[in-house]
Amino acid sequence: MHKKLFIPGPTEVRKEVLDAQTKPLIGHRMSSFTELYTGIIKKLKELLDTENFITVLTASGTALMEAAIRNCVKENVLCCVSGAFGDRWYKIAQKCDKNADAVTVEWGKSIKPEMIEEKLKAKNYEAVTVVQNETSTGVRAPIEEIGALLKKYPDTLFLVDTVSSLMGDKIDITGCNIDVCLTSSQKAFALPPGLAVGIINDKALEKAKGVSGRGHYADFVGLKDYFDKKGQTPTTPAITLMYALNTQLDRIKQEGMENRYQRHLKMAQYVREWAKNNFTLFAEPGYESVTVTCIKNTKNINVAGLNKELGKRGFAISNGYGKLKEQTFRIAHMGDITLDEIQELINNINEILGL
């Protein structure tokens, strides 16, 4: 029996989108692929309301986390760490031999603009990294306020991980002053894993031109040059996933970005209210994620046991991440999941737990 996924990725993929992958293959140097890929980029720009350079790589989002560091930082970078994925970006920067400093808060709390400003006043940083939606804790970073702060520091690039939020949460890339925005296919896009999307502005591209050791696979300058000349990717892409992405972008356009955001918001509000009535939210008040709710296990339920019982009924949620296992559990409400499906899941949890 298929378990419907209410986990923070991979998310449920609708049959129409899965079926799109079964089309016959085309060559990635054929004009038919150029037409497919340039069409995808055009649709992304329209949906995200941006004229920034967009690239779709055959990779996970982590590849673009590394690429953002390698392309945009010569020496000094400030990493905001409020959970597992902020910490991952910090470690990536260290492994890329950059001078990385961290703004660190307790898991469940959010990084605040004043914490960043304190660091920026003390040292010149080429970039600040922020995970906008921390799935390990269910915390949403205030990128609107952080972006406004960084306008005072024009030489510091704003690198933002929206892996688990773009196409679900409302993110104004230009309005938030984001220089590099990165995401993955398997979260709010509601696609299979395997594609990473980078939205890179001219400021970041100019910076990259002066940075050595950008690497080959995800060199922003090389990617843009190749796209400008040929309308393709320099290396072999996952063509079947591109078919799925193309189909899904049409479906997202049909739903409408504002409608999609409102659907995500309603699901989030429903799960939060249920959690508050029966448990406690793990996220700091006012900084709750729009795409995944992390719930503090105040009733000391057996989370693994609950998930096992849910599995028998055709559902799957997530235990706590890493050190939060059994201390918390997570319910994702992202992608193409509907409020009706969330209500069905919650009703089943209520029955199993006797709530």
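Observations on the model:
- Residue count for the stretch 279-295 under the criterion of being crowded, with 16+ Cβ neighbours inside 10 Å and under 18 Å from Gly354 (Cα atoms): the result is 2.
- Subset of the stretch 296-328 that is of a type in the set (Val, Ile, Thr) and closer than 23 Å to Asp169 by Cα - its residue that is surrounded by the fewest Cβ atoms within 10 Å (Cβ to Cβ): Ile317
- Any hit, the stretch 118-125, residues being more than 20 Å from Lys170 (Cβ to Cβ) and touching a helix residue (DSSP H, G or I) at 6+ places or on another chain (Cβ under 9 Å): yes
- Being under 28 Å from Gly86 (Cβ atoms), outside the structural domain of Gly138 (by TED's automatic domain parsing) and either of a type in the set (Val, Ile, Thr) or part of a helix (DSSP H, G or I) (or both) is a description that does not apply to Ile346.
- Entirely in the stretch 127-214, the strands (runs of 3 or more DSSP E) that have 3 or more residues that are over 30 Å from Tyr243 (Cα atoms) and under 12 Å from the mean Cα position of the chain (by Cα): none
- Exactly one residue out of Asp87, Asp97 is closer than 28 Å to Pro285 by Cα and either surrounded by fewer than 22 Cβ atoms within 10 Å (Cβ to Cβ) or not assigned by TED's automatic domain parsing to the domain that holds Lys152 (or both): that is Asp87.
- Residue in the stretch 40-62 that is closer than 21 Å to Asp172 by Cβ, within 16 Å of the chain's Cα centre (by Cα), of a type in the set (Ser, Thr, Tyr) and surrounded by 19 or more Cβ atoms within 10 Å (Cβ to Cβ) present: yes
- In the set Cys80, Cys96, only one residue is over 16 Å from the mean Cα position of the chain (by Cα) and at pLDDT 95 or above; that residue is Cys96.
- Boolean, Val290 is assigned to a helix (DSSP H, G or I) and touching a residue at least 12 places away in the same chain (Cβ under 8 Å): no
- Count of residues meeting criterion [free of Cβ contacts under 8 Å to residues at least 60 places away in the same chain and of a type in the set (Gly, Ala, Ser)] in the stretch 141-160: 2
- Conditions (1) closer than 16 Å to Trp107 by Cα; (2) without any contact (Cβ under 8 Å) to a residue 12 or more places away in the chain; number of the one not met by Glu326: (2)
- Between Lys224, Lys207, Lys229, the distinction of being buried (at least 19 other Cβ atoms within 10 Å of the Cβ), farther than 23 Å from Lys23 by Cβ and of a type in the set (D, E, K, R) belongs to Lys207 only.
- Pairs with Cβ under 6 Å, 6+ apart, first in the stretch 10-29 and outside any loop (DSSP other than H, G, I, E, B), second not β-branched (Val, Ile, Thr): Val17/Ala244; Val17/Gln248; Ala20/Tyr243; Ala20/Ala244
- Residue in the stretch 274-287 that is closer than 23 Å to Pro10 by Cβ, of a type outside the set (A, V, I, L, M, F, W, C) and modelled with pLDDT of 95 or more present: no
- Enumeration of residues in the stretch 299-343 that are assigned to a loop (DSSP other than H, G, I, E, B), under 17 Å from His2 (Cα atoms) and not small (Gly, Ala, Ser): Arg313, Ile317, Asp336, Ile337
- Scope the stretch 137-176; condition surrounded by fewer than 23 Cβ atoms within 10 Å (Cβ to Cβ) and among the small types (Gly, Ala, Ser); matching residues: Gly147, Ala148, Gly175
The values are calculated or read from the model by the stated rules, or taken from the named source; none is laboratory data. These numbers were taken from a predicted model, which means no experiment stands behind them. Ideal geometry is used to build each Cβ from the backbone, glycine not excepted, and the neighbour counts take in all protein chains shown.
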